[in-house]
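The values are calculated or read from the model by the stated rules, or taken from the named source; none is laboratory data. Treat the numbers as computed from the prediction; the structure is a model and nothing was measured. All Cβ positions, glycine included, derive from the backbone under ideal geometry; neighbour counts span all protein chains shown. The area values use the complete protein model at the heavy-atom level, side chains included, leaving out ligands, DNA and RNA. Shrake-Rupley method; radii C 1.70, N 1.55, O 1.52, S 1.80 Å.
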Amino acid sequence: MYNILIGGAAGQGIETTAAILQKFFTNSGYHVFAVRDFMSRVRGGHNFTLLRISKDNVYSHSLKLDGIVAFNEETVQLHLPELKPDGFLLCDSTYTVEDNRKIAINMVALSKELGNPRFAGMIAMGALLKLFGEDLSHADKVLRQFIKEQFVESNMLALNRGQELVESRIVPFGSKDKDKIILSGNQALALGAIAAGLRFYSAYPMSPSTTILEYLASKGDAAGIVVEQAEDEIAAINMAIGASFAGAPAMTGTSGGGFCLKVEALGLSGMAEIPLVVVDVQRPGPVTGLPTRTEQSDLKFVISASQGEFPRMVIALRNHTDAFYQTARALDIAERYQIPVIILSDQYLGDSTASVEPYDLSKIKVMRPLDVEDVAEGEYLRFRYTENGISPRLIPGKTKNFVTADSDEHDEFGRITEDAEVRTRMMDKRMSKLESLKLELQEPEYVGAEDCDTLIVGWGSTYGPIIEAVSLLNQEGSEKFGALLFGDIYPLPQRLLKEKASIAKRIVNVEQNATGQLADLIREQTGIRCWESILKYDGRQISGEEIADRIRREVV
Amino acid sequence: MSEKKFETRETAWCPGCGNFNILDSLKTALEELGKDPYEVLMVAGIGQAAKLPQYISANQFCGLHGRALPAAVAAKIANDRLTVIVNSGDGDTYGEGGNHFLHNIRRNVNITHFVHDNQIYGLTKGQASPTSVKGIVTEVQVNGNTTTPLNPMMLAIAAGAGFVGRAFSGRKEHLTAIMKQAIEFDGYAMVDILQPCVSFNKINTFAYYNQRVYELDETYDPSNKLAAMEKAMEFDEKIPIGVLYREDRPTFHKNNVVLQSGIPLLERTYDPAVVNRLIHEFA
């Protein structure tokens, strides 16, 4: 496992350089994980990408650096303390830093010689690949995905010049599996929605959810999806509900602030029993918070958002595999139960990229709105009382019956009513859908020692860091560690939690928020208490090493 | 012509409410156009006007206050075989839903929008609405309304609406004729329907409107935008009713690449080959 930091100023092409490198290593058989750290502005500021390459699955970053590629001197000053004793610093030969780990190359002068200062990135990339023993056999294929045809040759030349500047120092350790794909959490989520037969997506741009809108917009024409930028988040969700009512599977996405605006309509989906998927890619709040950074602080909010009571499901995405399959599953559950399903992602997962096995469509099952059999004319009850609470949902215009939706309390036909008995039965009917849903909840993933002393609980994108922490901690002493990593989070799956909690000596919740929202939810739902909390809310994702350090200091 | 008629039901409106004529005219317009009730979708938000879908046999979507338009346009995007009609009040449309009104004019989805404009809030019992006249005294505007009333006609024309009509609930035949034109118009069509509120608006009464409205005749050219703006400004001693402005503009469906195919969105088949290709673009 190697951790490399690529840093520079905004506008220097750090992101593109990092993206090309990720693709390169993925194509060479490595598992790759990369996360960007950037300021909320377009130019200037210090930016870096952390690139991790491994022979096994990797879903988290590390700041214990094996290598730094610096495109400005600020990168050196800020990150040299994080470089391991046997690491390397790849930088321009004009930098004054004195360090025996420095590999100085004259990339700036050479790029000017090649006719374009922007070639510095390619030269550095060529050198870095050489350090890892990589030749340029698939460089042409990779470059063509990022660079316009007419510039490929000159960039290849720069790459080659970079290769000549250094000697290899790392024996290649990638696997033979060179067929993996590499994509961001938001792209994976959007692909999952496409794979589930999404037909309508409406959203208002908001970081860090905007790349979902952008990806779907770029593929909408090919995939037959209408993607509409709404005038505001309220319009976005009401449009999604209108489209879904009329038979087009629909989703809307935003971050916490936009979710606030959508809240009333979330209740409409619940009350009128219209399938809907709402994505919240969380960022630190409240209000504007830290727009380009990460947090997991919307859990309790989305579980209780909107007035009144109605059934809903909340799924937290843990990694780039989940992002695809769970989004597809969310659309299916929304359709079958006629409820709103909320997907909780966050900036860390949404913006980070990871290599994964290509997604397998045969693993996805989705019910489609037109699959339901029609009912004889005049005999249709849209909100018929049923044992499992699910009434047959026909699509208006596709049946010789009237289809209704109402935000007012209504009877089985859908006419508004104030009748006390009907109200109670309708509430019971809607809420009973949760009981059926509980039967198909997915238990959290358990990792670590079979009978652990310390049980860690976490949810969403801390998946990767917690797995790494458990592995580090279990290598150390006699204390045994395990972790439950929640994906389905509301309704809360309880079987495995109760089983593991009864064995463990102590339970620690690890969360990217200030109040321990998962711990609260667990206590509320099961009475189980987490004795210690590892919480972080500075907008930066916790790493596996940081979790392990804090558990050693604060818990054990 | 459709065999199936539109049935109306008993309402909860006050006797004398302008909504009765609006409901009657709408039923007549739909039947004269030969619409099949199973292919009509009535969309509404909240308010007295928004109760209308409850009282006519068609598909109905009664959503949130101010939010009828986003739901309506998206339903039409999902299935353009549906005739989508929004009924909403002046508060619902120009107040709570002002932003959606503005931007759905621009979006130009082929739906019809009837705004029941009684210049007052009826459902919440008589507060000023965005179109209430200055000086009207209510339980909230205790010193008389000091806010300048909105001119929805001017706003709609300025924002680029392709069909801007005005009608009066007291002129049923004329109202029906305007409604038919609006429903048949290919694009977003809005008709602001003046109506008395017998319970809460003692200024803009039936007699008030009846004395002032006059029908635009064939000498009026609705394609002249400047002239339409001038007509839209006439809202005092004389109030013109009819189609104030009309312009054919490409609809959302014509502009959208996915919808141009003519296959209704909800009937598009799923193609795993396309999805697999998209997945492997990340290889």
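Observations, loosely collected:
- For the stretch B:47-65, accessible area lost to neighbouring protein chains reaches 30 Å² or more, against the chain alone with a 1.4 Å probe, at B:Gln54, B:Asn59, B:Gln60, B:Phe61, B:Cys62, B:Leu64.
- Accessible-area value, A:Arg552, 1.4 Å probe, nucleic acids and ligands omitted, Å²: 90 Å²
- Taking chain B and dividing mean pair separation by its residue count, relative contact order in percent (alpha carbons under 8 Å, at least six apart): 17 percent
- Per residue Cα convex hull volume in Å³ - calculated over the stretch A:182-363: 98 Å³
- Each of B:Lys5 and A:Asp56 was given a label point 7 Å from its Cα along the Cα-to-Cβ line. The distance between the two points is 7.7 nm.
- For the stretch A:372-440, Kirkwood radius (reciprocal of mean inverse C-alpha pair distance, Å): 12.8 Å
- The stretch B:149-237: trypsin sites (Lys or Arg not before Pro) in DSSP coil with no more than 16 other Cβ atoms inside 10 Å: B:Lys202
- In order along the stretch A:148-156, phi translates into HN-Hα couplings of 4, 2, 5, 9, 5, 4, 5, 5, 4 Hz, rounded to whole numbers, per the Karplus curve 6.51 cos²θ - 1.76 cosθ + 1.60 with θ = phi - 60° and x for Gly and Pro.
- Label-to-label distance for B:Asn255 and A:Glu554 is 5.1 nm, based on points extended 7 Å past Cα in the beta-carbon direction.
- Area of A:Phe413 that stays accessible when all protein chains are in place (1.4 Å probe, Å², to 10): 50 Å²
- Accessible area (Å², 1.4 Å probe, nearest 10) - B:Leu155: 60 Å²
- Spin-label proximity, B:Tyr270 to the stretch A:165-202 - amide N less than 14 Å from point 7 Å beyond Cα toward beta carbon: A:192-200
- Value of Rg to Rh for the protein assembly as shown, rounded to two decimals, is 1.04; Kirkwood radius and Rg both from alpha-carbon coordinates.
- Among beta bridges that DSSP assigns inside chain A, antiparallel share in %, nearest 5: 35 percent
- Sparse-neighbourhood loop sites, GluC sites (Glu not before Pro) in the stretch A:243-347 - DSSP loop, at most 14 other Cβ within 10 angstrom: A:Glu309
- Relative contact order computed over chain A (Cα-Cα under 8 Å; 6+ residues apart), in percent: 12 percent
- Pairwise burial A:B, computed as accessible area of each alone minus the pair, summed, 1.4 Å, Å²: 4900 Å²
- Listed residues B:Val140, A:Val287, A:Val263 arranged by accessible area, highest first, probe 1.4 Å: A:Val287, B:Val140, A:Val263
- Between helix B:172-184 and chain B: long-axis angle, C-alpha atoms, 0 to 90°, nearest 10: 20 degrees
- Over 27 Å (Cα to Cα) - which of A:Lys300/A:Lys365; A:Lys219/B:Lys225; B:Lys51/B:Lys76; A:Lys112/A:Lys176; A:Lys433/A:Lys498; A:Lys262/A:Lys438 fall in this group: A:Lys300/A:Lys365; A:Lys219/B:Lys225; A:Lys112/A:Lys176
- Sites listed here are trypsin sites (Lys or Arg not before Pro) in the stretch A:51-158 whose DSSP assignment is loop and whose Cβ has at most 16 other Cβ atoms within 10 Å: A:Lys55, A:Lys64, A:Arg101, A:Arg118, A:Lys148.
- Separation of the A:Ser502 and A:Met1 label points, Cα + 7 Å toward Cβ, nm: 3.4 nm
- Where B:Lys51, A:Lys505, A:Lys400 fall by accessible area, highest first, once all protein chains stay in place (1.4 Å): A:Lys505, A:Lys400, B:Lys51
- Heavy-atom accessible surface of the stretch A:182-363: percent carbon and sulfur, 1.4 Å: 52 percent
- Along the stretch A:189-199 the Karplus relation, 6.51 cos²θ - 1.76 cosθ + 1.60 evaluated at θ = phi - 60°, assigns HN-Hα couplings of 4, 5, 4, x, 5, 4, 5, 8, x, 3, 10 Hz to successive residues, with x for each Gly and Pro.
- Axis angle, to the nearest 10 degrees, between helix A:420-438 and the longest C-alpha principal axis of chain A: 40 degrees.
- Annotation: amide H of B:Val213 within the under-5 Å range of B:Ile239, sequence separation 5 or more or interchain, hydrogens built in the peptide plane.
- Accessible surface computed residue by residue for the stretch A:372-440, with neighbouring protein chains in place and a 1.4 Å probe, gives 51 Å² per residue.
- Residues of the stretch A:459-501 with amide N under 12 Å of a point placed 7 Å along Cα→Cβ from A:Ser175: none
- Within the stretch A:182-363, antiparallel bridges make up roughly 10 percent of the DSSP beta bridges whose residues both belong there.
- Segment B:Glu234..B:Ala158, full-extension length gain: 25.8 nm, with 0.36 nm per residue of separation and the alpha-carbon distance subtracted.
- Accessible surface for the stretch A:182-363, divided over its residues, is 21 Å² per residue with a 1.4 Å probe.
- A full extension of the chain between A:Glu479 and A:Glu418 corresponds to an added length of 15.9 nm, given 0.36 nm per residue minus the alpha carbon distance.
- The overall shape of the stretch A:434-556, judged from the alpha-carbon gyration tensor, is prolate: a/c is not under 1.5, and a/b is greater than b/c.
- Per residue solvent-accessible surface (Å²) - the stretch B:1-155, probe of 1.4 Å: 34 Å²
- B:Leu226-B:Asp248 FRET efficiency (beta carbon distance; Förster radius 22 Å; 0.05 resolution): 0.75
- The angle between the Cα long axis of helix B:98-107 and the main principal axis of chain B comes to about 50°, on a 0 to 90 degree scale.
- Nearest-0.05 FRET efficiency for A:Lys84 and A:Asn160, computed from C-beta distance (R0 25 Å): 0.30
- Helix-derived mean residue ellipticity, 222 nm - over the protein assembly as shown, DSSP H n ≥ 4, -39500 (n - 2.57), to 500: -10500 deg cm²/dmol
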